[in-house]
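The values are calculated or read from the model by the stated rules, or taken from the named source; none is laboratory data. Here the structure is a predicted model, which is why all the values come from computation and not from measurement. FYI the Cβ positions are ideal-geometry reconstructions off the backbone, even for glycines, and counts take in every protein chain you see.
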2 protein chains.
Amino acid sequence: MTDKPEQALVVFTPSGQRGHFPIGTGVLAAARSLGVDIDSVCGGRGICGRCQISLAEGEFAKHGIISRPENISEKTAAEDRYDDKRGLMAGHRLSCQSKILGDVVIDVPAQSQVHKQLVRKRADTRVIELDPVTRLYFIEVGEADMHEPSSDLERVYKALQLQWQLDDIDLDFPLLADLQKVLRKGKWSITVAVHDKTIIAMWPGLHESIFGLAVDIGSTTIAAHLCDLDSGEVMASAGAMNPQIRFGEDLMSRVSYVMMNPGGDAEMTKVVRQTICDLAREAAETAGIDVNDIVEVTLVGNPVMHHLFLGIDPVELGGAPFALATGLAIKQPARDLDLDIAKGARAYVLPCIAGHVGADTAAVVLSEAPHKSDEIMLVVDVGTNAEIVLGNKDRLLACSSPTGPAFEGAQISSGQRAAPGAIERIRIDRDTLEPRYKIIGCDFWSDEDGFDHDTPVTGICGSGIIEVVAEMFLAGIIDQDGLIDGSVQARTERIVADGRTFSYVIKTGEPDIAITQNDIRAIQLAKAALYAGTRLLMDRLGIDEINNIRLAGAFGSHIDVKYAMVLGLIPDCDLKNVHSSGNAAGTGARIALLNRQSRIEIEQLVKNIHKIETAVEPAFQEHFIEAMAFPHSSAKYTRLRCAVQLPQGKTSASGKPTARKRRRRR
Amino acid sequence: MTDKPEQALVVFTPSGQRGHFPIGTGVLAAARSLGVDIDSVCGGRGICGRCQISLAEGEFAKHGIISRPENISEKTAAEDRYDDKRGLMAGHRLSCQSKILGDVVIDVPAQSQVHKQLVRKRADTRVIELDPVTRLYFIEVGEADMHEPSSDLERVYKALQLQWQLDDIDLDFPLLADLQKVLRKGKWSITVAVHDKTIIAMWPGLHESIFGLAVDIGSTTIAAHLCDLDSGEVMASAGAMNPQIRFGEDLMSRVSYVMMNPGGDAEMTKVVRQTICDLAREAAETAGIDVNDIVEVTLVGNPVMHHLFLGIDPVELGGAPFALATGLAIKQPARDLDLDIAKGARAYVLPCIAGHVGADTAAVVLSEAPHKSDEIMLVVDVGTNAEIVLGNKDRLLACSSPTGPAFEGAQISSGQRAAPGAIERIRIDRDTLEPRYKIIGCDFWSDEDGFDHDTPVTGICGSGIIEVVAEMFLAGIIDQDGLIDGSVQARTERIVADGRTFSYVIKTGEPDIAITQNDIRAIQLAKAALYAGTRLLMDRLGIDEINNIRLAGAFGSHIDVKYAMVLGLIPDCDLKNVHSSGNAAGTGARIALLNRQSRIEIEQLVKNIHKIETAVEPAFQEHFIEAMAFPHSSAKYTRLRCAVQLPQGKTSASGKPTARKRRRRR
């Protein structure tokens, strides 16, 4: 024996963190002292199994170390117990039970890390680093003792201080009533869930799983994703129609309902909260978990959905100056929002950007991360309004454009919601002008053998409308101004007079499924608004070209971007650089659920996003008028022309470039 | 004109703060820069009238200044408006409107100070410095503007920052729903009540009065005092029986009720909260204020009352080790306790000291302030249990002693609560052994002409019981051991045999009002417990004598301290140093309501109070046995003997000092 205790070299992989430790040091303790990321709920008691590691045997020249199996202590009784009961991973040890007896290389598997990285499906989006706000801590609490009188809660705090170095902890008040029973049921050992500095849930003994719910409150549908806060995994998803639809199909009709029916906002608040409770219960059942283990919920929605969910009268959002009651992130006990999950569960509502650009757009930004991009990125979320975000890491601009609900099939004569029987794809023969189409619920085209002719064709959904109008343009049925050309009647019976204008009949029936001149106008107004908003932001940023476009939301997922560009919904861009980002709002809610830093990030970010109110921008009106034609400017869309054969342009009356514009374009 | 702006000397009285200021400086601004305490709700807009000052005219040799009326600017239009509408105090000015034109002495009246000193009635107690946690701020909020989109709440925060230098403010969530309407109703001027960093109430325009409620939840009665948070004045008081009485007369029977009736705690929680709501409404009506202007409530009560009010099952308090769920101060929105006052009102429940020594005792400590005393002070609060606090600024000890309810008239054959018809005072003639007495509701003694012989004498209340037993001892009817001396039957017919023992009949009737041997025993047990508790604390503190005794609570207010000492309830002390401190628990609740620092003070203090659990102290039992006699030790009570002629002592069997004790006493 020497005077100095013998030291051993320990290298942790994959991080490569290394240090010398006295023989006999515990592996978990060594890891902690080096800052190696190893999880533990039980705090080194050998019962949670979170801290599993394995010894890497052999010579590691890179690290200058030979790692031998005998350099780690024998399995303890606690490890055998854990292995019997719950099973250690093959070849793994509990780091809290293993002692260092000589030089070793210790591998920390991903499962044992606190800050796991969640791989997202699309390669072009960033990874979610798992770092939830709420974490579990197992503690052994001192028993009540007459000789040392102190309250049970004070002894819980003391245990958290001594066993986890957590200071200044608070207990969520409604949990106080359960504390004594839980402590005694757990024989003075309990697990607590700590959110920031507050205990928001507790269980007798060791408890290892907690969950969170990410909720996207759309005007039409509400979607909830149940996530495991330890693995980040989506355990179950559930969706439902927004029950507010019975008070008004679109946002403005819901605001009108409140104006006409004082107290109507309270009814709408109640039904949306109830639906979210139902979704939570449904998702919990699907995943086979206790709804009381859902300790967090994050929520996103457009400003009207946001206000109605929070119990705020949305009437101010119905007219200028469109003032939000608050745009700040909301952090409240979920019970204050009538969400019936864990008693102390916390709700986080993402911040809004402006009166028309809500928490849903903030979530889209979080998901698509234009603020982390070097390149300028355009993110468009099309719903009843279109929210548009443009910029990069240096600067972000946002606006909302009043597209109206035409893109969702509303205000279109044969329009309908995306549902079985709706036309979602269409092609028009350039010669015969005969259509062929696909309907939702059937994988075949209407001219294919497998097509189900028995399913009634009920209408045209949003993506179908974009395609049919674009195809009509590409087939020469409508001109650049959007006028249905009556002379085409000579070539097909599908063009029928409709008063002074004409319609194109896709399918005869009672009634016909057709596209009227009014339908074309509605689409023109909608797409002009969308384009004008984008153009306004481009002007502000001083750019004339975009090379990265993300289409968010259900609309963005279903439309063929080529057709969107033919109609001029979005600026010219290489088609390969236009992507659907799927349910980006839901993804943003999930990011906020799983990563504490993302909340700070988005709260900071929304403050710095420059909001542009299209209603007070004269240039918006100019862009709008100019954007009515298909595609609004024949001189442009050069990149689109590489992909699609556009009809010969003729200068339109409404889209006619002014002298000034023409100059600027050169 | 010189290069430097001319300076004037300004002296503020009564503080004597002084400084030089450029001619034209506003008086309020000058005061602020010197840290002179001048109130203002409107922030210098000349509308709240809180900042009134007067100019002191003449030569002030002490300050080296001649103060002339012309050295202050003329009254402004705003002051005239205020004077017309609400009236300035005679000769007063609004400091926010007055400018310094030359050397002046400015007097700040007490009414204009934020930190007013509240004078309490008893001279021996400390003054309450008025410094409530909640304060009002009038703000002018920027209007919503499409060109600069920001939410209403963000503009409120900005106004608080710019106009009052308040950063990091939060809005209590349920108020968010009202924000937009209040802002628009007040035409973008509102008053907010800020509690710590949270807006807990708001009103359109200027609002100047907010109130708080101090509540003392006793086992028998609940008392509420409504205070003006600006003046500190008690506007109204209201009291009611504790409705929990129907579940059990005393604490332990209520705990038993819960044991026998699962869910019984919830019923008791509900009724006590409801009663407090009723008291708040009643007090508000009496004071003529809106119950929604009550923005704070402080509450005290013994541990069982504390737990039941908070919705915590009190069963753990019913048996060893008497563990509190929590002893920490509770700070919650009042709505979480079902208190129906201002929507955002805050409740503060004082900390508990131990499982038997509750928030009521903490309040008594706050009121009597033994921790600020140089001299050792004994504070005794007698109820069903007696809470005892002993010590001074260096060290405080506390315990609870199981006196049982005998002192409250329970378990006494003719005992009753203090109510009209109850005997509250009694004297026994030393020769004839005839009693004379006073009953509650009549100002005359029973042998005086004005005595109302028609009012039925219904029983004996707590203070009457102390007196009758003490008088029986002083008259020689009972001996030092508490035995009713049968031989006295020879002298009076009022001594009647009662099985093997005797009773003393005060008044014959159906039934007789009498004191039985069992009654004497009950009083002996109670007073021995009380004395033993005190003695235990004295032992721990190593003292043998006390020169300052405070008797708190209703019992302490009504008993004649001389008789309490004759019976040996409290240690020997000069009678002039024994004081009733009245409703000290209620006073403590009021201090916590009116002074923010007092909350920190008591929270710190309870941590440092040494708690002694009598049940585990062998010495308690010894003291208890020894203290059964009247007064327990004839060798003591020398100071009492100066005031009262005690009967010749004979050494009692039970009270016989042991050899060891005798040695220690020398």
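The set of residues in segment A:435-453 that are of a type in the set (Gly, Ala, Ser) and on the phi < 0 side of the Ramachandran plot comprises A:SER446, A:GLY450.
Residue by residue, here is whether (1) under 30 Å from B:GLN597 (Cβ atoms); (2) without any contact (Cβ under 8 Å) to a residue 60 or more places away in the chain; (3) within 14 Å of chain A (Cβ to nearest Cβ) holds:
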{"position": "B:ASP167", "(1), (2), (3)": "yes, yes, no"}
{"position": "B:ASP172", "(1), (2), (3)": "yes, no, yes"}
{"position": "B:LEU175", "(1), (2), (3)": "yes, no, yes"}
{"position": "B:GLN180", "(1), (2), (3)": "no, yes, yes"}
{"position": "B:GLY186", "(1), (2), (3)": "no, yes, no"}
{"position": "B:VAL192", "(1), (2), (3)": "yes, yes, no"}
{"position": "B:ALA201", "(1), (2), (3)": "yes, no, no"}
{"position": "B:PRO204", "(1), (2), (3)": "no, yes, no"}
{"position": "B:ILE210", "(1), (2), (3)": "yes, no, no"}
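Of all residues in segment B:318-337, exactly one satisfies the criterion of being at pLDDT below 95 and either under 18 Å from B:VAL272 (Cβ atoms) or in a helix (DSSP H, G or I) (or both), namely B:GLY318.
Taking first residues from segment A:78-102 that are in the same structural domain as A:GLY49 (by TED's automatic domain parsing) and surrounded by 22 or more Cβ atoms within 10 Å (Cβ to Cβ) and partners that are part of a helix (DSSP H, G or I) and among the hydrophobic types (A, V, I, L, M, F, W, C), the Cβ contacts under 6 Å between residues at least 6 apart in sequence or on separate chains come to A:SER95/A:VAL27; A:SER95/A:LEU28; A:CYS96/A:LEU28; A:GLN97/A:ALA78; A:SER98/A:VAL27. When B:VAL234, B:VAL291 are checked against the criterion of being touching a His at 6+ places or on another chain (Cβ under 7 Å) and under 24 Å from B:ALA193 (Cα atoms), a single residue qualifies: B:VAL234.
Looking across segment B:311-351, the residues that are under 20 Å from the mean Cα position of the chain (by Cα) and at the interface with another protein chain (Cβ under 7 Å from one of its Cβ atoms) come down to B:GLY327, B:LEU328. Would you confirm whether or not segment B:297-310 contains a residue that is farther than 27 Å from B:CYS399 by Cβ and either assigned to a strand (DSSP E or B) or aliphatic (A, V, I, L, M) (or both)? Within segment B:297-310, one or more residues are farther than 27 Å from B:CYS399 by Cβ and either assigned to a strand (DSSP E or B) or aliphatic (A, V, I, L, M) (or both). Scanning segment B:136-149 for residues that are modelled with pLDDT under 95 and either within 7 Å of another protein chain (Cβ to nearest Cβ) or assigned to a strand (DSSP E or B) (or both) gives B:ALA144, B:ASP145, B:MET146, B:HIS147, B:PRO149.
If I filter segment A:249-270 down to residues being assigned to a loop (DSSP other than H, G, I, E, B) and in contact (Cβ under 8 Å) with a residue 24 or more places away in the chain, which single residue comes out as nearest to the chain's Cα centre (by Cα)? Across segment A:249-270, the extreme among qualifying residues is A:ASP250.
In this structure, is A:LEU153 hydrophobic (A, V, I, L, M, F, W, C), more than 29 Å from A:ASP290 (Cα to Cα) and in a helix (DSSP H, G or I)? No; evaluated as a whole, the condition is false for this residue. Among the residues of segment A:410-431, those that are in a strand (DSSP E or B) and among the aliphatic types (A, V, I, L, M) comprise A:ALA422, A:ILE423, A:ILE426, A:ILE428. None of A:LEU536, A:LEU594 is of a type in the set (A, V, I, L, M, F, W, C), modelled with pLDDT of 95 or more, surrounded by 21 or more Cβ atoms within 10 Å (Cβ to Cβ) and farther than 30 Å from A:ILE520 by Cβ except A:LEU594.
If you go through segment A:378-397 and keep only what is part of a strand (DSSP E or B) and either charged (D, E, K, R) or in contact with an Asp or Glu (Cβ under 7 Å, 6 or more places away or on another chain) (or both), you end up with A:VAL379, A:ASP381, A:GLU387. Among the residues of segment B:1-28, those identified as closer than 25 Å to B:ASP84 by Cβ and among the hydrophobic types (A, V, I, L, M, F, W, C) are B:VAL27, B:LEU28.
Applying the criterion of being away from chain B (no Cβ under 14 Å) and at pLDDT below 95 to the residues of segment A:381-401, the residue that is farthest from A:ILE570 (Cα to Cα) is A:THR384.
In segment B:240-262, of all residues being among the charged types (D, E, K, R) and either in contact with a His (Cβ under 6 Å, 6 or more places away or on another chain) or under 13 Å from B:PRO314 (Cβ atoms) (or both), the one that is surrounded by the most Cβ atoms within 10 Å (Cβ to Cβ) corresponds to B:ARG254. Taken over segment A:4-46, the criterion of being among the hydrophobic types (A, V, I, L, M, F, W, C) and more than 20 Å from A:GLN161 (Cα to Cα) is satisfied by A:ALA8, A:LEU9, A:VAL10, A:VAL11, A:PHE12, A:PHE21, A:ILE23, A:VAL27, A:ALA30, A:ALA31, A:LEU34, A:VAL36. Specify which of the listed residues (B:ILE423, B:ILE439, B:ILE460, B:ILE428) is among the hydrophobic types (A, V, I, L, M, F, W, C) and without any contact (Cβ under 8 Å) to a residue 40 or more places away in the chain. Selected residue: B:ILE439, the only one of B:ILE423, B:ILE439, B:ILE460, B:ILE428 that is among the hydrophobic types (A, V, I, L, M, F, W, C) and without any contact (Cβ under 8 Å) to a residue 40 or more places away in the chain. Of all the numbered requirements in (1) outside the structural domain of A:VAL272 (by TED's automatic domain parsing); (2) touching a Lys or Arg at 6+ places or on another chain (Cβ under 9 Å); (3) surrounded by fewer than 24 Cβ atoms within 10 Å (Cβ to Cβ), A:ASP230 misses one, and that requirement is (1).
Total residues in segment A:459-507 satisfying the condition of being out of contact with any strand residue (DSSP E or B) (no Cβ under 9 Å at 6 or more places or on another chain) and β-branched (Val, Ile, Thr): the figure is 1.
In segment A:577-624, the qualifying residues are those that are among the charged types (D, E, K, R), out of contact with any Phe, Trp or Tyr (no Cβ under 9 Å at 6 or more places or on another chain) and under 30 Å from A:MET565 (Cα atoms), and the one that is farthest from the other protein chains (Cβ to nearest Cβ) is A:GLU622. Looking at B:GLY391, B:GLY358, just one residue is free of Cβ contacts under 8 Å to residues at least 60 places away in the same chain and under 27 Å from B:LEU317 (Cα atoms), and that residue is B:GLY358. Scanning segment A:352-377 for residues that are away from chain B (no Cβ under 14 Å) and either touching an Asp or Glu at 6+ places or on another chain (Cβ under 6 Å) or among the hydroxyl-bearing types (Ser, Thr, Tyr) (or both) yields A:VAL364, A:SER367, A:SER373.
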